[in-house]
Structures are given as C-alpha cells and as structure tokens.
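Peer 1: The following block contains the structure, expressed as structure tokens.
Please treat every number below as a calculation from the coordinates, not as lab data. Here the structure is a predicted model, which is why all the values come from computation and not from measurement. Quick reminder, even Gly has a Cβ in these numbers, built from the backbone with ideal geometry, and neighbours come from all protein chains shown.
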Amino acid sequence: MTEAKNIPLSMPNPDENGLFRTLNSMGTMTPCPDIFSSAFIEFAPNAPGRCLDIGAAYGVSTIPALAKGAYVVANDIDERHLRILVSRVPAEDRARLELVPGNFPDEMVFQPGSFGAVLVCRVMHFFDGPRINRAAAKVLEWLAPGGKVFVVAETPFIGTARAFFPTYEARLKAGNLWPGVVENVSAHDPNRAGSLPSLFHLLDDRVLSRVFTSAGFTIERLTYFARPDYPADIRLDGKESIGMIAIKK
Ligand SMILES: C[S@@+](CC[C@H](N)C(=O)[O-])C[C@H]1O[C@@H](n2cnc3c(N)ncnc32)[C@H](O)[C@@H]1O
C-alpha cells in the first residue's frame with residue numbers, strides 16, 4: 001500500500017437496496033456474505049494455510065473470517081477499497097490481516113502452496129474466458145493440498161440478461177466455450193452502464209465445471225442459488241448466482 005495512503009476514506013453509504021457501490025465502478029459489495037462466502041468464512045480458521053479474499057472490496061467476507069480467527073490476505077484491484085476495509089477491522093484482528101492490492105490473476109505472485117482457502121466472490125464475471133482459465137490455474141498453484149477455492153458469480157439467469165438470453169442459448173447450441181460473454185453491458189442494462197465494466201461474463205455450471213476440473217480441482221459443490229438480496233430488476237427465478245467449492249487434492 002503506497003500512494004496517498006494517508007488520505008482518509010470512508011465507507012460509502014449503501015444504495016436503497018442495501019448494496020455498497022465500489023469506488024471504481026466494478027459493481028457493488030453485498031452487505032452480508034452469501035451462502036458460499038459463508039462456507040469460506042467457516043472453513044477459513046481451519047484451512048491448511050492462510051486465506052485469500054480476491055476482490056475483497058470493503059471486507060464483507062474478510063472481516064467475519066478474521067473474527068473467526070483466520071489469517072486473511074485481502075486483495076482488491078482498487079487500493080482505496082482496502083484502505084476502507086482495514087479501517088473497519090477491529091484492532092484485535094489486524095495482526096492477522098495482510099493487504100495485497102493488485103490485478104488478479106495476471107499481476108499477482110504468491111508462493112506455490114501457500115494458501116489454505118481462496119474466495120473469488122463476484123469478481124470472475126468481469127473476466128473473459130482465457131483470463132478465467134488463468135485464474136483457476138493460479139489459484140490451484142497457490143493452494144496447499146487440501147485447500148479449497150470458493151467461487152461466486154452472476155449467471156445468464158438474471159432479469160437484466162433477458163434480452164441477451166437468446167444469444168446465450170444460440171451459443172450453447174453451437175458449442176461455444178464461453179456462451180455467457182456480454183460484450184456491451186450498456187446495450188442490455190443501460191441503468192448500470194456507468195457502474196459496471198463494459199464486458200460482463202455470465203457464468204453457468206458447464207463453464208465453471210469445465211474450467212476448474214481441467215485446471216486440476218475436484219469439485220465438491222456447484223449450484224445455482226437465489227439472490228433475494230439483489231435489486232428487483234436482477235432477480236428472476238432463483239438461479240441468479242452460481243457458487244462453487246472445489247478442492248486441491
Ligand atoms: C462486484 S465487487 C464484489 C465485492 C465482494 N467480493 C462481494 O462479493 O460483495 C468486485 C470487487 O472486485 C474487485 N476487482 C475487480 N476485478 C479485479 C481484479 N482483476 N483483481 C482484483 N480485484 C478485482 C473490484 O475492485 C471490486 O471491489
């Protein structure tokens with residue numbers, strides 16, 4: 001953490017739906033951990049190594065994992081988020097927190113086998129296909145045997161992707177490896193054009209299963225789940241998010 005680290009920053013107020021906007025227009029942080037982040041938080045204190053929270057934002061999962069006694073490395077591409085995160089951590093937990101700003105996966109380096117758990121929650125849907133492959137390979141390298149990765153992402157089954165859905169289905173039929181890539185978010189969700197990157201990658205069970213199995217993981221759990229905590233226009237039929245837990249054996 002280097003530049004301008006003395007400038008105070010505070011947590012933004014939540015939107016009326018309870019979500020906290022990121023400072024870099026990369027979507028929002030949820031106020032509470034979802035079911036897969038909660039599984040990471042439970043696993044973290046007994047993981048076979050330190051824990052890594054990729055795209056931690058203001059600490060929705062890092063802070064409860066620290067409270068459980070875990071040693072957490074919090075990462076985010078935006079260093080300002082991490083400055084806010086650390087200001088929210090109780091003094092007694094700070095010695096077990098390390099902040100590592102950086103662009104995952106390509107600009108991050110850790111010792112092989114040095115982590116026991118990695119959370120990538122609501123970040124991979126900003127990546128194109130090859131980058132998702134590189135992310136899975138890096139996480140596998142960083143995990144110790146017995147370590148687990150926890151992934152959460154948005155799916156093609158969200159209300160704001162209705163217009164995109166026929167494209168997704170046509171690509172599926174054609175055998176496209178990455179059927180959920182939305183190249184121009186503003187064309188599908190003009191309301192969020194300013195608060196999301198232009199590429200959005202809606203992920204499904206086939207893609208996550210293929211990527212993480214090919215990388216060398218064994219998948220323990222992979223399921224769609226409902227997001228009652230999301231704004232009404234995103235909610236659809238209970239499959240708005242997908243979560244995965246995979247182990248390095
Ligand atoms: C949609 S927010 C999710 C925040 C939190 N993980 C959650 O589940 O609510 C995405 C976060 O990931 C960060 N991010 C996006 N791309 C990243 C990358 N390549 N490397 C590290 N962090 C990234 C953003 O800055 C932002 O804080």
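Peer 1: Looking at the range 132-149, is at least one residue closer than 20 Å to residue 39 by Cβ, hydrophobic (A, V, I, L, M, F, W, C), within 15 Å of the ligand (Cβ to nearest atom) and assigned to a loop (DSSP other than H, G, I, E, B)? Give the steps one after another, and end with the answer.
Peer 2: Within the range 132-149, the first condition is being closer than 20 Å to residue 39 by Cβ, and the residues that meet it are 135-136, 139-140, 142-149.
Next cut, hydrophobic (A, V, I, L, M, F, W, C) only: 135-136, 139-140, 142-144, 149.
Narrowing further to those that are within 15 Å of the ligand (Cβ to nearest atom): 135-136, 139, 142, 149.
Still in the running and assigned to a loop (DSSP other than H, G, I, E, B): none.
No, every residue in the range 132-149 fails to be closer than 20 Å to residue 39 by Cβ, hydrophobic (A, V, I, L, M, F, W, C), within 15 Å of the ligand (Cβ to nearest atom) and assigned to a loop (DSSP other than H, G, I, E, B).
Peer 1: If you don't mind, there's one more thing I want to ask. Just name the residue that is farthest from residue 70 (Cα to Cα) out of those in the range 101-131 that are in a loop (DSSP other than H, G, I, E, B), in contact (Cβ under 8 Å) with a residue 40 or more places away in the chain and small (Gly, Ala, Ser).
Peer 2: From the range 101-131, those in a loop (DSSP other than H, G, I, E, B) are 102-114, 122-123, 127-128; that's our starting set.
Those still in the list that are in contact (Cβ under 8 Å) with a residue 40 or more places away in the chain too: 104, 110, 113-114, 122-123, 127-128.
Restricting the remaining residues to those that are small (Gly, Ala, Ser) gives 113-114.
Values: 113: 17, 114: 14 Å.
Among residues in the range 101-131 that are in a loop (DSSP other than H, G, I, E, B), in contact (Cβ under 8 Å) with a residue 40 or more places away in the chain and small (Gly, Ala, Ser), the one farthest from residue 70 (Cα to Cα) is 113.
Peer 1: Limited to the range 154-168, what total is found for residues that are of a type in the set (Val, Ile, Thr), under 10 Å from residue 180 (Cβ atoms) and over 19 Å from the mean Cα position of the chain (by Cα)? Spell out how you get there, then give the answer.
Peer 2: Kept after step one, since they are of a type in the set (Val, Ile, Thr), are these residues of the range 154-168: 155, 158, 160, 167.
After this cut, where a residue has to be under 10 Å from residue 180 (Cβ atoms) as well, the list is 155, 167.
Those left that are additionally over 19 Å from the mean Cα position of the chain (by Cα): 167.
Looking only at that region, the number is 1.
Peer 1: Read through the list (1) in contact with a strand residue (DSSP E or B) (Cβ under 7 Å, 6 or more places away or on another chain); (2) loosely packed, with under 13 Cβ neighbours inside 10 Å; (3) under 25 Å from residue 20 (Cβ atoms), then give the number of the only condition that residue 225 fails.
Peer 2: (2)
Peer 1: From the list 57, 39, 67, 47, pick out the single residue that is buried (at least 24 other Cβ atoms within 10 Å of the Cβ) and of a type in the set (Gly, Ala, Ser). Before the answer, list the steps.
Peer 2: Values: 39 fails: buried (at least 24 other Cβ atoms within 10 Å of the Cβ); 67 fails: buried (at least 24 other Cβ atoms within 10 Å of the Cβ); 47 fails: buried (at least 24 other Cβ atoms within 10 Å of the Cβ).
After ruling out the rest, the residue left standing is 57.
Peer 1: Which ones in the range 108-131 are more than 16 Å from the ligand (Cβ to nearest atom) and surrounded by fewer than 18 Cβ atoms within 10 Å (Cβ to Cβ)? Step through it out loud before you land on a result.
Peer 2: Filtering the range 108-131 down to residues more than 16 Å from the ligand (Cβ to nearest atom) leaves 111-114, 116.
Across the range 108-131, the qualifying residues are 111, 112, 113, 114.
Peer 1: What are the residues in the range 104-126 that are under 13 Å from the mean Cα position of the chain (by Cα) and either under 12 Å from residue 54 (Cα atoms) or hydrophobic (A, V, I, L, M, F, W, C) (or both), if any?
Peer 2: Narrowing the range 104-126 to residues under 13 Å from the mean Cα position of the chain (by Cα): 104-105, 118-126.
Of everything in the range 104-126, those that are under 13 Å from the mean Cα position of the chain (by Cα) and either under 12 Å from residue 54 (Cα atoms) or hydrophobic (A, V, I, L, M, F, W, C) (or both) turn out to be 104, 105, 118, 119, 120, 121, 122, 123, 124, 126.
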